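Take a look at the structure set out below.
The values are calculated or read from the model by the stated rules, or taken from the named source; none is laboratory data. Nothing here was measured: the structure is a model prediction, and the numbers come from that model. Because the Cβ atoms are built from the backbone with ideal geometry, glycine has one as well, and the counts that use them run over all protein chains shown.
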Amino acid sequence: MIKKITDRIFPALIALSALSVSASAAFYSISGLSKLFAGAAFAVIVMAASLEIAKLVIASLLYQYRKTLPILLKIYLSIACVVLILITSMGIYGFLSAAYQDTANKEGNAEARIVLIETKRDNVKEQLEVYTEEKTSINEAVAELRKGLSNNKIQWRDKETNQIITSTSSRTRKALEKQLDQAIIRQTEINAKVDVLNEKIFEYETEIVETRIGDGSTSELGPLKYLSGLTGLPMDRIINYLLLTIIFVFDPLAIALVVAANFAFERIRPKTRKNLYGETIECSVPEGREFNTPYDLDDLIPDTPYTKEEVSEVLKNEVEKIEKEPPVEFDDDSQTIGEKEEQIKKLEAEAKKMENRPFYKNTYNNIKSQIQKLKDEDNQITY
């Protein structure tokens, strides 16, 4: 019981897997083709959807009727199936490559923005260096002027007293004070500009960090960047190899699963055959044998201590005995199989004439009873 349930569940799992893979392949293919032919997107979607359905039907058709399909039709359908697989693969490639291109474009835009910000930052840094040098020189000048003011002394010797007299020059002091005031004003301006430039550099650095953090493509392309650095190949070539690997597995796997599902359901389907009267009856085959498959009679003879020649000789003798026996004579009331078939056909023809006539209902029922009785006699044996 459990084995029967398992045998029925597994084909269902194969069919479900085939359906999921085929549906996802169809979705990616239709989306990719609609992007390739964006000018007529709706028409392409309708066309691609119908082709995807036809592809699955062709795969099932080729398997179910593989023994009865005309050879030319089989060749054409096989070629059409392969071409449709290539079309689906092209659509999948277009879809996945477009997705990668969108991410790559985002990263490219972010990198371009970062480069622009870095250029602005470098320009500000150059200005900062100029002002820093000027600030240094002004600071040195202010220090010198202050030192000059403190040392603004004039010494001379008095002729009368012959003493050295020290005094300050008011004119020189005023000139030094004027220069010092101008230097301090310039120093204040330079300090203010340096502060502004440092603030701009800080803003640019912050903007660069925020741009890098806000760019999700960096994390999305992280594995590709790692592979690119590991192999030394550009990311575009790596993604191309990856996409080719995917498309050569994706849709062929879907078709293979469809064929496998047909095969699995065929194995669990009861084997039937029509009998002499057109009735469908269930047949059984020995274990290890296939239904509707010819086998050599020599292979079906069980293992015996006798050789094939001895078995053939015995069968030949039995056939000769049967041929020498007198023919079986039937009673007058008995009928041959051919006569019964002929009688059944006549009765069925009469019954068909009376089938839709209410006035002949009793006669119709009697004829049907006679037909059933004749059929039942074939299933009985009298010893």
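For this structure, a couple of remarks:
- Checklist (1) modelled with pLDDT of 85 or more; (2) among the aromatic types (F, W, Y); (3) assigned to a loop (DSSP other than H, G, I, E, B) applied to F263, failing item: (3)
- Near pairs, Cβ below 6 angstrom, 6+ apart or cross-chain, from the range 65-80 (closer than 22 Å to S50 by Cβ and in contact (Cβ under 8 Å) with a residue 24 or more places away in the chain) to any residue that is surrounded by 10 or more Cβ atoms within 10 Å (Cβ to Cβ) and among the hydroxyl-bearing types (S, T, Y): none
- V21 vs. criteria part of a helix (DSSP H, G or I), out of contact with any helix residue (DSSP H, G or I) (no Cβ under 6 Å at 6 or more places or on another chain) and in the same structural domain as A261 (by TED's automatic domain parsing): no
- Subset of the range 75-86 (residues that are in contact with a helix residue (DSSP H, G or I) (Cβ under 8 Å, 6 or more places away or on another chain) and surrounded by fewer than 16 Cβ atoms within 10 Å (Cβ to Cβ)): S78, A80
- Residue match in the range 4-16 (condition: at pLDDT 90 or above, assigned by TED's automatic domain parsing to the domain that holds A254, surrounded by fewer than 19 Cβ atoms within 10 Å (Cβ to Cβ) and in a helix (DSSP H, G or I)): yes
- Scan of the range 358-369 for residues that are surrounded by 11 or more Cβ atoms within 10 Å (Cβ to Cβ) and either touching a Leu at 6+ places or on another chain (Cβ under 6 Å) or modelled with pLDDT under 65 (or both), ordered by number: Y360, I367
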